[in-house]
Structure formats: structure tokens, C-alpha cells
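First up is the structure itself, then whatever we jot down about it.
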Amino acid sequence: RDLPLTVTSRDLISNNILVAPAHFLNEEEQDEAHDEGISIVKLGPGQNLKLKAIARMGISKEHAKWCPVAVATYRFWPIITINDEACQMLTMEQKQELVEACPDRILELDEITGNLVAVENAYEMATYTEDLKVAQDAMKKRPEDDDFVKVEPSTDRFVFSVETTGAMDAEEVLFSALRVLKDRMNYLAAEVEKLKD
């Protein structure tokens, strides 16, 4: 073979047919990949490698190296309500000011009607709307007047994002976590029943 030779996870041979190195998350990723697995070491002329690798399964509660999640976040699902009646009192410049006040750009002006509308993916983008609140408070004639645009958190929905390290698929991580949570809730319910007796 050509030198230098890169030894990858594909070169590892297991003595157990049920155990194999995890090269890629799925077949699609494997087909699109340009490499031959996870690189372990490069060998030059006259070099060889003898290696004994032990695979041990664990959980991140024991050690961070077993944590398949790099980042997991959640945030509120926004309920965006535009008060069309109150917005009719605003000039086009004021409406444009409201559009520009929100750093997430969740609003836009309808080109035909000139009304304020939520952008198509506003629910995915809305994270910080305090600037919008400050801008519209400055435009109100009286502080007690209704807001032109109200962005409130939903009480029954949220946006949940999981970014994995590649050891597991994000969907697999989520369902595994839900199974663990379900088992713990069942255990807790059983313990509570024991206390009642």
C-alpha cells in the first residue's frame, strides 16, 4: 500500500463477531464519506503497529467520554400576536421601526397591504424580543395602551435541540433518554405505592 499508511477504525478486527467499530452513524453517511473510517495513526516506511483495544460501554454519569450529546438546549415556543387594530394607528415608518427593532427579524411588512406580519419561520427564530417591547412602548400614546405586537411563551410547547458528538444519532439519544426517564418514573411510582401500603 501507499505510504504513509493511515490506520483507521476499519482496520480493527474484533474477536467477537457481535462487536465492531462504529465508523459512521448510518449507511447514507458512509456512502457520502471520503475517508475509510476514524483515523487512529499514520505509519511511515518500516513502521508497524500492534494494538489491543478494549471496548467498554458506559454512561456519562460515570465519565464525560461516554456522553453522546455535545449541546442540548430548549427555549420557549413563541406565540406571536399582532394587534392589527392598534397597528393601523402607526405610520409606515413606525411599522418599519418595529420590524428593525427585533434582532431576530421575526416581523416584516406585507408588500401589498402594508400590515405587520410574522415572517414564515418566526417561531424558529424568536429568542429575544425585549428590544421590540421597548420600541413599541416608546410609540404608545399611553403606557396602558395595548401592545402592537405581543410575543409570549407558550405554556404547552417548546423548541428542543440536540447536537450529538457523532457517537449516536440525535433521535436515538432522545428516545434513549425518554426510555430512561420513563423507567425512573415507573420506579418512583412503585416506591410511592409501597409507602402507601
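The values are calculated or read from the model by the stated rules, or taken from the named source; none is laboratory data. Treat the numbers as computed from the prediction; the structure is a model and nothing was measured. When we count neighbours, we look across all protein chains shown, and the Cβ atoms used for this are built from the backbone with ideal geometry, even at glycine. SASA here: full protein model, heavy atoms, side chains in, ligands and nucleic acids out. Shrake-Rupley method; radii C 1.70, N 1.55, O 1.52, S 1.80 Å.
For chymotrypsin sites (Phe, Trp or Tyr not before Pro), the sites in the range 89-193 that DSSP calls loop and that have at most 14 other Cβ atoms within 10 Å are TYR128. Using a cutoff of 8 angstrom between alpha carbon atoms and counting only pairs six or more residues apart, the relative contact order for the chain works out to 23 percent. Taking all protein chains together, LYS52, LYS150 sort by accessible area into LYS52, LYS150, largest first [probe 1.4 Å].
FRET efficiency for the ARG142 to VAL71 pair, using the beta carbon distance and R₀ = 35 Å, is estimated at 0.20.
Would you work out which of GLN96, CYS67, SER154 lies farthest towards the positive end of the dipole of the chain, given +1 charges on the beta-carbon of Lys and Arg and -1 on that of Asp and Glu, about the Cα centre? Projecting each Cα onto the dipole axis, the largest value belongs to CYS67.
Contact order normalised by length for the range 85-157, with contacts defined as Cα pairs under 8 Å and 6 or more residues apart; what percent is it? Over the range 85-157, the number comes to 28 percent. Note on the chain: GNM, Cα springs under 10 Å; of GLU28, GLU97, GLU171, the largest mean-square fluctuation is that of GLU28. If a spin label sat at a point 7 angstrom from the Cα of TYR187 along the line to its beta carbon, no backbone N atom of the range 43-71 would be nearer than 12 Å.
For Cα pairs less than 8 Å apart in space and 6+ apart in sequence, what is the mean separation divided by the residue count of the range 36-149, i.e. the relative contact order in percent?
Computed value for the range 36-149: 23 percent relative contact order.
Any lysines with Cα under 30 Å of the LYS61 Cα? List them, leaving off those in the same chain fewer than 8 positions away. Straight-line reach from LYS61, under 30 Å: LYS52, LYS182, LYS194. In the chain, the calculated helix contribution to ellipticity at 222 nm averages -9000 deg cm²/dmol per residue, counting -39,500 (n - 2.57) for every DSSP H run with n ≥ 4. Just checking the listed ones, GLN88, GLN30, GLN47: in the Gaussian network model of the chain with Cα springs under 10 Å, the one fluctuating most is GLN47. Under a Gaussian network description of the chain, with springs only between Cα atoms under 10 Å, the residue in ILE79, ILE112, ILE38 that fluctuates furthest is ILE112.
Residues whose amide H comes within less than 5 Å of that of GLY37, counting only those at least five positions distant or on another chain, are absent (H built at 1.01 Å from N in the peptide plane).
With 0.36 nm allotted per residue and the present C-alpha distance subtracted, the TYR123-LEU43 stretch has 23.7 nm of extension available.
Mind grabbing the base-10 log of I(q)/I(0) for the chain at q = 0.09, 0.19 Å⁻¹? Debye formula, identical points on the C-alpha positions, no solvent, two decimal places. For the chain, the Cα-only Debye profile gives -0.67, -1.31. Within the straight-line cut-off of under 16 Å between alpha carbons, the lysines reachable from LYS150 are LYS95, LYS133, LYS140, sequence neighbours fewer than 8 places apart in one chain being disregarded.
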